[in-house]
Amino acid sequence: MDGRAQTAAARAARSTPTCFWRLPIRDDSANVPVATMSPATILFFSALFIVFEGVQLVVAERYLGVKKIAADLDPRESGPSEQVAFAWSSAIILYWLWMLAALLSPLGRVQVACMLTVSVLGGSLRRSCGLKWVLVILTLEGAVRIGMLTSLIASAWRAL
């Protein structure tokens, strides 16, 4: 064998993997920038949704209060007006869209995932329980989401 054939054979032997799997190699040339939320945006919307959660707790107490539960009244019969229901539903949809968009940001991803999980679990529990437990579950959901939003505000403030 001549020298060229030996070096080609040696290169081929070196490039052949000795095992069947390899760890993925990070290729920085193929990175595509991902649009994430700035800490200021997270700070603003977190504060806005803390106010929303507080108002939601007050409204839940008003429509599902202990007095109405004790009187055995169905709150669906005396609900809010159509305009208030539309505004409230729109705010909840915007809240969910914001949480889903915030999952793309590395800042506060754990808090947002926790809020989404609590919302999904709370919704399923509210559908399967009696009217007396709905207020309790709504209050616990709101408390956990307010805590996660407070933690998100602290994280965003530190990142500024």
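The values are calculated or read from the model by the stated rules, or taken from the named source; none is laboratory data. From a predicted model like this one, the values you see are computed outputs, not experimental measurements. All Cβ positions, glycine included, derive from the backbone under ideal geometry; neighbour counts span all protein chains shown.
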note = Counting only residues in region 69-128 that are closer than 16 Å to VAL59 by Cα and aromatic (Phe, Trp, Tyr), the one modelled with the highest pLDDT is identified as PHE86
request  = Evaluate the following for GLU141: is it within 26 Å of LEU64 (Cα to Cα), surrounded by fewer than 14 Cβ atoms within 10 Å (Cβ to Cβ) and either of a type outside the set (Ser, Thr, Tyr) or at pLDDT below 90 (or both)?
outcome  = no
task = For region 84-96, name all the residues that are under 17 Å from VAL118 (Cβ atoms) and aliphatic (A, V, I, L, M).
result = ILE92
ask   = Can you name the residue in region 104-116 that is within 16 Å of PHE44 (Cα to Cα) and aliphatic (A, V, I, L, M) and is also surrounded by the fewest Cβ atoms within 10 Å (Cβ to Cβ) among such residues?
value = LEU107
inquiry  = Go through region 42-75 and report how many residues are closer than 16 Å to VAL134 by Cα and polar (S, T, N, Q).
reply    = 1
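Would it be correct to say that SER78 is of a type in the set (Gly, Ala, Ser), surrounded by 10 or more Cβ atoms within 10 Å (Cβ to Cβ) and under 25 Å from TRP133 (Cα atoms)?
No.
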key: Qualifying positions in region 124-153 - part of a helix (DSSP H, G or I) and either farther than 18 Å from GLY54 by Cα or touching a strand residue (DSSP E or B) at 6+ places or on another chain (Cβ under 8 Å) (or both)   = SER124, LEU125, ARG126, ARG127, SER128, LEU131, LYS132, TRP133
ask   = Does region 91-100 contain any residue that is loosely packed, with under 12 Cβ neighbours inside 10 Å and either under 25 Å from ARG158 (Cα atoms) or touching an Asp or Glu at 6+ places or on another chain (Cβ under 8 Å) (or both)?
value = yes
